[in-house]
Structures are given as C-alpha cells and as structure tokens.
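Enquirer: Just dropping this structure here.
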Amino acid sequence: MLNVSLIIPTYNEAKNIPFLIEEIFATADKSKINLEFIIVDDNSPDGTGEIAEGLIGKYPVRVIHRSGKLGLGAAVAEGFKLSDRECVGVMDGDMSHDPIILNEMIFSLADNDIAIGSRFEEGSKVENWGLIRKMISGAGVFMARILTGAKDPLSGYFFMKKDVIEGLNLKTKGYKILLEILVKGKYKKVKEFPYTFRMRKYSASKLNGKEFLLFLGQIVKYSFYKAIRLFEK
C-alpha cells in the first residue's frame, strides 16, 4: 500500500472543491493507494475553506486555513510540512488537472523519484488556450527547460517521493514550486505523463503580471544557483 498526501492549494474554489475531491477519490485505486487530501486555503472570501471542512468525514480530508492570500507555492510547501507520508502530490483546485492519470503517476514512483503531469508530452492536449496564454506559457517553459531538462517544469500537477525535498527550505511564493524542486531537489529519475489540461468551469486563471514577474525572478535566481553548484563541483 502506497501512502500518499495530495496537496490542493485553494483560493475561491468553493464551487469546484466538492466535485474535485469526489472525482479524485473515485478515480484513485484504493486497493493499492492510501490517499489523503490536504487542502490549504488562503482565506477564500467565497467560503472555500468552510466547504472543504464539510468534506471531512466523507473523505480523508485535512484543511489548513491561512490568514490571507500568501501565495500558491507557500501553500504547497505548508502542505508538504503537514504530511508524514512517503509520497506527496500537488493538484490545482480548479479541476483543470484530469485525475485519469493519477494512479499511473503514483505507481510510477516505484521506479522514479518525480512524476509530472505534462501539458507538453506527446499525446497531451490543452483545452481552449488563447494565443497570448500559449505564447506566455511557451516562453516560460522554454526558459525553465534549459534549467531542468523536463518538458513541463512549470506544471502544477505532480507526485514525488517525499525524500526528494528532505532538508530543503522551499521558498517559492508564486505558482511554480515544481521548478524550484527540479532545480534543488534530490532525485535521479523523472517521468512525464501526457494528459488533457481541462477548461476551468467555475473559476478563472489566477496567472497575472505579478506571477509572471515572480517567475522571471525565479529563472534568474536558479540560473545563478545552478552555476554556483556546477562551479563547486
């Protein structure tokens, strides 16, 4: 039995979170996976945290209520700290990540350290992305690939062995915590899985200019980090 914590950071996902938890729990192979949900809510004004609390008892859910909108990456890191399981994962709370590949990703950790739901693997599909979003994502992924070698190093959908981040003080505040993990983490093998990045039904993308600037700062910082590490070797 694989013991897995799935971290779901939320902000204004009241309409999505009950459907998402139901869908994931129905999909997970419960004969082989002992899955818990850790929902980290940034004081959503639409009551997401309270609705998540209402799922306790029906599903294996724990809820962290934070004082405000403190950042998606920081929310994920807080969820990692709460987990005492050997494997952890991350999914968005807006139902854009299709759980159909969830079992395959988790089982792949028997032979890999990190499993990524990739929007750019052969066979992947992205529903209804506009031209500007495609251009921004393409440019960002291109820069991050140079640092990591992964096809989708900016994915918000991944699972990993907990010891990949053992001893790390994750500092990402924005949306791209996987990038920091791929740059700093302790791992050897990564596997990426194609899936359909779904159109959001009840919420809008939270990507904005501030998040893009945070990402550019990450690229610069991690480039220096890798250069220093190579020099030290």
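Enquirer: Sorted from fewest to most neighbouring beta carbons within 10 Å, what does the list Asp41, Asp98, Asp46 look like? Please report the intermediate quantities before stating the final value.
Expert: Working: Asp41 26, Asp98 18, Asp46 14.
With the sparsest Cβ surroundings first, the list reads Asp46, Asp98, Asp41.
Enquirer: With 31 Å as the limit, write out which pairs from Lys15/Lys81; Lys125/Lys189; Lys15/Lys125; Lys58/Lys186; Lys58/Lys184 have Cα-Cα distances beyond it, or answer none.
Expert: Violating the 31 Å Cα-Cα cut-off are Lys58/Lys186; Lys58/Lys184.
Enquirer: Taking the Cβ of Ile100 as the center, what net charge do the other residues with Cβ under 11 Å away carry, scoring Lys and Arg +1 and Asp and Glu -1?
Expert: Charge balance near Ile100 sits at -2.
Enquirer: Which order results if Ser223, Ser118 are arranged by neighbouring Cβ count within 10 Å, fewest first?
Expert: In increasing order of surrounding Cβ atoms, one gets Ser223, Ser118.
Enquirer: What is the distance in Å between the Cα centres of segment 160-175 and segment 64-88?
Expert: 10 Å
Enquirer: Using the count of nearby Cβ atoms within 10 Å as a rough guide to exposure, how do Ile17, Ile56 rank from fewest to most?
Expert: If I rank by nearby Cβ atoms, fewest first, I get Ile56, Ile17.
Just so you know, all these numbers are worked out from the coordinates, no wet-lab data involved. All figures in this text were calculated on a predicted structure; none of them were measured in a lab. Methodologically, a virtual Cβ is constructed for each residue, glycine included, from the backbone with ideal geometry; neighbour enumeration extends over all protein chains shown.
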